[in-house]
């Protein structure tokens, strides 16, 4: 919501921790800028993490935090996931129901 600053109006948009402000002569112009700026920021798509990157970062954590047998088990599961879904699959697209439906191995 714009606020008066001196004789001008300041429009403020804060999304995802990033704050942007602009000064305008009228309140109407500041409101319109805020609406347009929010819409523009929401359209910007953040690049997602692919499955290979997720598995590599997870295995780095497991290697430093657990014993070698645990690392071996987790590594095998990651290999199965990548062989099933492909290394370039975005993690956000894999839902639990799709995973259980399409995973060819018995994970229990």
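The values are calculated or read from the model by the stated rules, or taken from the named source; none is laboratory data. Because the structure is predicted, anything quoted here is derived from the model rather than measured. Neighbour counts are summed over all protein chains in view; Cβ atoms, including those assigned to glycine, are modelled from backbone coordinates with ideal geometry.
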For residues that are in a loop (DSSP other than H, G, I, E, B) and either farther than 28 Å from residue 43 by Cβ or in contact with a helix residue (DSSP H, G or I) (Cβ under 7 Å, 6 or more places away or on another chain) (or both), tally how many sit in segment 1-19. 3
What about residue 64, is it assigned to a helix (DSSP H, G or I) and exposed (fewer than 11 other Cβ atoms within 10 Å of the Cβ)? yes
Going through segment 39-57 one residue at a time, which ones are modelled with pLDDT of 90 or more and out of contact with any helix residue (DSSP H, G or I) (no Cβ under 7 Å at 6 or more places or on another chain)? 53, 56, 57
